[in-house]
1. Going by the structure shown, is Asp114 in contact with a His (Cβ under 8 Å, 6 or more places away or on another chain), under 22 Å from Pro158 (Cα atoms) and among the acidic types (Asp, Glu)?
2. From Asp207, Asp195, Asp215, which residue is in a helix (DSSP H, G or I), surrounded by fewer than 16 Cβ atoms within 10 Å (Cβ to Cβ) and in contact with a Pro (Cβ under 7 Å, 6 or more places away or on another chain)?
3. Among the residues of the range 171-181, write down those that are surrounded by 10 or more Cβ atoms within 10 Å (Cβ to Cβ) and either out of contact with any Phe, Trp or Tyr (no Cβ under 8 Å at 6 or more places or on another chain) or at pLDDT 80 or above (or both).
4. Of all residues in the range 207-246, which are hydroxyl-bearing (Ser, Thr, Tyr) and at pLDDT 95 or above?
5. Please determine, by comparing only the residues of the range 177-199 that are in contact (Cβ under 8 Å) with a residue 40 or more places away in the chain and touching a Gly at 6+ places or on another chain (Cβ under 9 Å), which one is nearest to Glu25 (Cα to Cα).
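The values are calculated or read from the model by the stated rules, or taken from the named source; none is laboratory data. Please read all numbers here as calculations on a predicted model, not as lab measurements. A quick note on method: Cβ atoms are made from the backbone with ideal geometry, for glycine too, and the neighbour counts reach across all protein chains shown.
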Amino acid sequence: MGLVDYDFTTIMQTKHSNKQLFSVEHVKCLMTKLLLKVVQHLHDHHVMHRDLKTSNILLSNKGVLKVADFGMVREYEFHPQQYTPAVVTRWYREPEILLLVKEYSSPVDIWSIDCIFAELIKLRPLFPDNLLITLRPLFLGNSKCDQIFRIFEGLGTPTDTTWPGYSELPVGKITFKNHPTGRLRETMNNRLSDDGLSLLQDFLLYDQAARVTADAALNHPYFEEEPVAMEPAMFLPSLWAEYVEQNSNSDTGEDTQ
């Protein structure tokens with residue numbers, strides 16, 4: 001693969017320490033010009049990664065993105081087949097895998113992409129200092145059970161309407177607390193436009209068959225509305241320019257807020 005300058009966890013930690021948010025142009029660049037295109041390429045060749053997360057996304061100073069850690073990669077057929085549910089880092093893990101569903105396919109990567117998307121949008125500069133984890137994934141569970149509870153709390157408890165066949169799953173006989181739908185905008189702190197929220201919801205459908213594909217996501221109206229994505233070659237230089245400007249303003253006592 002060759003050496004790559006940064007992984008995205010490091011970039012996000014730097015943004016956090018500098019008390020800066022990613023701009024919409026940065027988020028759209030990562031999603032449309034880089035990450036979604038890589039996953040589109042994998043899925044076009046019937047390959048699912050099964051462990052997409054920020055630490056596995058590498059970015060060079062020239063704006064070249066590479067996805068790392070192919071230890072969980074598998075070829076797949078058009079229809080879901082049985083695979084191990086012991087895949088994907090917990091915070092990026094799909095509800096079907098958390099509930100030990102063994103038949104799955106490429107939509108497992110799509111869920112992980114959305115968790116990364118939401119993490120970029122939600123990055124907050126002022127977390128409590130006593131937290132060991134300074135970056136907050138979309139659903140931050142401390143165990144598999146807690147993870148699924150947090151997903152249900154954020155998206156609403158699934159039903160056979162939102163997840164066809166849900167009641168037939170082994171866990172479908174378990175009664176979970178009934179959480180309403182429609183809290184996603186609140187979860188995202190109103191930092192997404194209506195089209196952005198629509199894309200987020202398309203990524204996070206419980207129904208694997210209905211979950212948006214990488215192809216469809218790349219053509220979503222959210223990525224056409226202003227401001228549009230910057231060019232990948234400008235991604236890291238523009239972050240560095242923001243950092244220099246912020247520190248220059250701090251030195252002169254100017255307020256950047």
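1. No; evaluated as a whole, the condition is false for this residue.
2. That would be Asp195, the only listed residue that is in a helix (DSSP H, G or I), surrounded by fewer than 16 Cβ atoms within 10 Å (Cβ to Cβ) and in contact with a Pro (Cβ under 7 Å, 6 or more places away or on another chain).
3. Taking the range 171-181 as the starting set, the residues that turn out to be surrounded by 10 or more Cβ atoms within 10 Å (Cβ to Cβ) are 171-172, 176, 179, 181.
Once the filter is applied, which keeps residues that are surrounded by 10 or more Cβ atoms within 10 Å (Cβ to Cβ) and either out of contact with any Phe, Trp or Tyr (no Cβ under 8 Å at 6 or more places or on another chain) or at pLDDT 80 or above (or both), the range 171-181 yields Val171, Phe176, His179, Thr181.
4. Selection gives Thr213, Tyr222.
5. Filtering the range 177-199 for residues that are in contact (Cβ under 8 Å) with a residue 40 or more places away in the chain and touching a Gly at 6+ places or on another chain (Cβ under 9 Å), the one nearest to Glu25 (Cα to Cα) comes out as Met188.
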